[in-house]
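Working notes for the structure below.
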Amino acid sequence: MNAPLHVEIRGTGPDLVLLHGWALHGGMWGPWIDELARRARLHLIDLPGHGRSRWPEGASTLRDLARAVSPHVPQGAAVLGWSLGGMVALELARLRPGDLAALVLIATTPCFLAREDWPAGMNPGVLDGFAAGLAGDYRRTLSNFLALQTWGDENASQALRSLRANLDAHGEPEPQALTAGLGILRTADLRAELATIAVPTLVIAGEHDRITPVAAGRELASRLPSARFVEVPKAGHAPFLSHPETVLREVEGFLSFLAPASARSVISPASAKNSSREGPGSTATGAGKAAAGAGSAGDGNSGREFALDVQRVRASFSQAAASYDAAAVLQSTVRDELLRRLEVLRMAPAVVVDLGAGTGQGSIALKRRYPGGRVVAMDIAHGMLLQARKRQTLLRRFDRVVADAAALPLGNASVDMLFSSLMLQWCNDPDRVLRECRRVLRPGGVLHFTTLGPDTLVELRQSWQAADPSHAHVNRFIDMHDLGDALLRAGFAEPVLDVEHYTLTYDDARGLMRDLKAIGAHNSTAGRARGLTGKSALARMLAAYEGFRREGKLPATYEVVFAQAWCPTGPIRSKGQLRAETVIPISQIRRRNY
């Protein structure tokens with residue numbers, strides 16, 4: 001089914017692929033595209049059988065179109081699709097999970113025709129009319145189709161003139177392509193697959209669109225895990241032609257938030273096993289998943305027995321998403337304290353990223369605190385973000401992005417605040433993660449986070465060490481002083497760190513283990529025992545843990561490091577000068593009453 005496609009490349013910058021709608025071609029985008037080419041490297045593709053592209057023999061499905069287009073879409077590119085092109089873009093994201101930086105979907109629906117459970121579709125009779133017209137007066141059918149695209153638009157004449165003027169600029173579409181295209185629109189239904197497309201997405205719909213009603217665009221955005229919806233008032237099916245300034249502003253604003261291709265890495269669950277761009281053991285996962293750690297900051301992956309299996313981490317937290325909140329008592333307490341500490345910051349951030357957002361508890365709280373800002377929930381565990389989506393309200397919405405903390409899909413200096421509660425301990429290379437945080441923060445921006453210190457789960461660690469010294473059962477955690485050094489190495493200024501100790505109590509050690517499992521905090525170290533833990537080793541651990549019993553309860557200690565650091569607005573001190581770190585002992589911090 002191979003056939004050459006015509007592709008025109010214009011501009012410089014991050015790669016942006018444009019996919020047009022049915023019966024048109026890559027030259028019909030209009031003059032607004034010239035301004036976009038100043039900021040991006042545009043790949044203007046003629047879809048198979050349209051314009052100057054040949055129709056691949058045997059093609060008949062949406063997947064066939066996506067496969068034909070795929071070789072012309074660079075790795076890490078953003079894809080902008082309009083109408084049928086938007087459906088191709090969605091299918092392309094399914095074919096290449098984790099490989100695209102972003103989607104922009106204009107006048108796109110996951111299901112073109114109306115159905116009993118989908119009233120936001122086109123009446124099948126309209127599509128039947130176009131199909132019959134192709135067999136008769138071909139030119140009149142296309143003319144009527146162009147007119148339908150602009151009906152109801154306040155600038156209908158402007159949009160229709162542009163469409164008609166460019167209709168034949170690349171030649172006439174092939175009859176097979178038109179017939180097959182209508183067949184695809186008649187049968188394609190992507191609704192069930194939308195939840196698996198975790199790439200950041202902007203959905204744009206015209207208020208008066210008669211082909212893909214605005215309700216379809218709104219529903220599309222609500223079903224995608226990481227989507228934002230924009231309605232263009234008084235626009236029809238081609239808002240980029242009738243309201244080019246509005247569409248350009250939205251597209252540029254959305255894409256400027258993303259990094260150039262060389263710095264991007266968006267990982268989705270379906271690509272976890274095969275992604276070659278994923279950092280070695282770096283994750284952005286979970287708002288406070290508590291029973292794993294990292295090597296000391298700066299040591300790379302020394303202590304290989306403690307290196308984390310990232311695929312296991314991702315899967316564990318996705319699977320635990322539904323049970324997480326009920327068991328995450330410590331995590332909730334720490335997150336609330338971290339949120340309270342924001343009260344001393346006198347800032348109104350335009351962009352706030354909740355890194356390791358988990359089920360979105362912190363994200364919705366941040367949106368409540370900064371209602372005028374854009375809040376983005378990022379997590380490597382897709383299942384967590386599906387739970388986070390449920391926290392949104394009509395007035396408090398936030399973006400959701402599946403991403404790796406060591407390769408953030410964000411542009412340089414694009415974020416005002418990074419908020420992260422108990423995520424860093426899940427990263428094998430904290431230095432790399434902190435460098436990424438420094439890269440994406442604007443001058444004057446703040447990194448506000450917590451992580452676990454080395455006294456965390458000391459009772460469980462010592463009990464397992466006595467019972468099974470040949471395997472790692474509890475991970476290592478970063479010392480506060482090492483963390484301060486890592487922040488300075490990453491280029492942060494004025495880091496302030498302090499430590500709090502929390503103790504949870506249990507009737508027995510199995511209760512602690514059940515809680516850890518419920519939040520997805522499985523042992524994911526490389527040095528873990530690969531088979532089922534033997535009954536004798538488990539019995540020895542439980543017996544050893546009994547030595548910590550006090551007043552009828554078994555303790556589980558957590559050492560939590562609270563940290564804040566700023567992205568400098570000017571030069572920072574060079575090596576050899578006085579350190580900018582301030583370490584405040586907990587004994588000197590006056591307790592607050594809330």
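Counting only residues that are of a type in the set (Ser, Thr, Tyr) and in a helix (DSSP H, G or I), which one in region 178-203 is modelled with the highest pLDDT?
Going through region 178-203, the residues of a type in the set (Ser, Thr, Tyr) turn out to be 179, 187, 196, 201.
From what's left, in a helix (DSSP H, G or I): 179, 187, 196.
On the way: Thr179: 90, Thr187: 94, Thr196: 86.
Ranking the candidates gives Thr187 first.
How about region 337-351: which of its residues are more than 20 Å from Lys390 (Cβ to Cβ), hydrophobic (A, V, I, L, M, F, W, C) and touching a residue at least 12 places away in the same chain (Cβ under 8 Å)?
Leu338, Leu342, Leu345, Met347, Ala348, Ala350, Val351 - these are the residues of region 337-351 that are more than 20 Å from Lys390 (Cβ to Cβ), hydrophobic (A, V, I, L, M, F, W, C) and touching a residue at least 12 places away in the same chain (Cβ under 8 Å).
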Open item on the list: Take the residues in region 1-52 that are touching a Pro at 6+ places or on another chain (Cβ under 7 Å) and aliphatic (A, V, I, L, M); name whichever of them is farthest from Ala147 (Cα to Cα).
Closed with: Met1
Task: Residues (more than 18 Å from Leu90 (Cβ to Cβ) and under 28 Å from the mean Cα position of the chain (by Cα)) located in region 40-67 - done: Ala40, Arg41, Leu42, Leu44
- [ ] Taking Asp354 as meeting all but one of (1) over 18 Å from Asp325 (Cβ atoms); (2) at pLDDT 95 or above, write down the number of the exception.
- [x] (1)
Open item on the list: Could you go through region 415-434 and let me know if any residue there is β-branched (Val, Ile, Thr), farther than 26 Å from Glu250 by Cα and not in a strand (DSSP E or B).
Closed with: yes
TODO: Being touching a Lys or Arg at 6+ places or on another chain (Cβ under 8 Å), more than 22 Å from Gly206 (Cα to Cα) and buried (at least 16 other Cβ atoms within 10 Å of the Cβ) is the filter; apply it to region 118-177 and report the residue that is modelled with the highest pLDDT.
DONE: Glu174
Open item on the list: What's the total number of residues in region 483-515 that are surrounded by 15 or more Cβ atoms within 10 Å (Cβ to Cβ) and under 16 Å from Thr456 (Cα atoms)?
Closed with: 11
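Which is farther than 30 Å from Arg489 by Cβ, assigned by TED's automatic domain parsing to the domain that holds Cys437, surrounded by fewer than 24 Cβ atoms within 10 Å (Cβ to Cβ) and modelled with pLDDT of 90 or more, of Ala322, Ala315, Ala365, Ala327?
Working: Ala322 fails: modelled with pLDDT of 90 or more; Ala315 fails: modelled with pLDDT of 90 or more; Ala327 fails: modelled with pLDDT of 90 or more.
Of Ala322, Ala315, Ala365, Ala327, the one residue that is farther than 30 Å from Arg489 by Cβ, assigned by TED's automatic domain parsing to the domain that holds Cys437, surrounded by fewer than 24 Cβ atoms within 10 Å (Cβ to Cβ) and modelled with pLDDT of 90 or more is Ala365.
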Open item on the list: Within region 1-106, considering only helices (runs of 4 or more DSSP H) that don't extend past its boundaries, which have at least 3 residues that are among the polar types (S, T, N, Q)?
Closed with: none
Task: Residue count for region 170-186, restricted to those that are without any contact (Cβ under 8 Å) to a residue 40 or more places away in the chain and polar (S, T, N, Q) - done: 0
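Specify which of the listed residues (Arg223, Arg218, Arg191, Arg115) is more than 30 Å from Val401 (Cβ to Cβ) and surrounded by fewer than 18 Cβ atoms within 10 Å (Cβ to Cβ). So that I can check it myself, show each step before the final result.
Working: Arg223 fails: more than 30 Å from Val401 (Cβ to Cβ); Arg218 fails: more than 30 Å from Val401 (Cβ to Cβ); Arg191 fails: more than 30 Å from Val401 (Cβ to Cβ).
Of the residues listed, the single one that is more than 30 Å from Val401 (Cβ to Cβ) and surrounded by fewer than 18 Cβ atoms within 10 Å (Cβ to Cβ) is Arg115.
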Task: Checking Leu92 against (1) without any contact (Cβ under 8 Å) to a residue 60 or more places away in the chain; (2) surrounded by fewer than 24 Cβ atoms within 10 Å (Cβ to Cβ), the condition it does not meet - done: (2)
- [ ] Starting from region 321-336, take each residue that is under 19 Å from Phe449 (Cβ atoms) and list its partners that are part of a helix (DSSP H, G or I) and of a type in the set (Asp, Glu), counting only C-beta distances under 8 angstrom and pairs at least six apart or across chains.
- [x] Ser332/Asp325
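Confirm whether Leu434 is within 24 Å of Ala101 (Cα to Cα) and touching a residue at least 60 places away in the same chain (Cβ under 8 Å). Talk me through it step by step, then tell me what you get.
Values: within 24 Å of Ala101 (Cα to Cα): yes; touching a residue at least 60 places away in the same chain (Cβ under 8 Å): yes.
For Leu434, the condition - within 24 Å of Ala101 (Cα to Cα) and touching a residue at least 60 places away in the same chain (Cβ under 8 Å) - is met.
The values are calculated or read from the model by the stated rules, or taken from the named source; none is laboratory data. The model shown is predicted, which means the values in this text are computed figures rather than measured ones. As a convention, Cβ positions derive from the backbone with ideal geometry for all residues, glycine included, and neighbour counts pool all protein chains shown.
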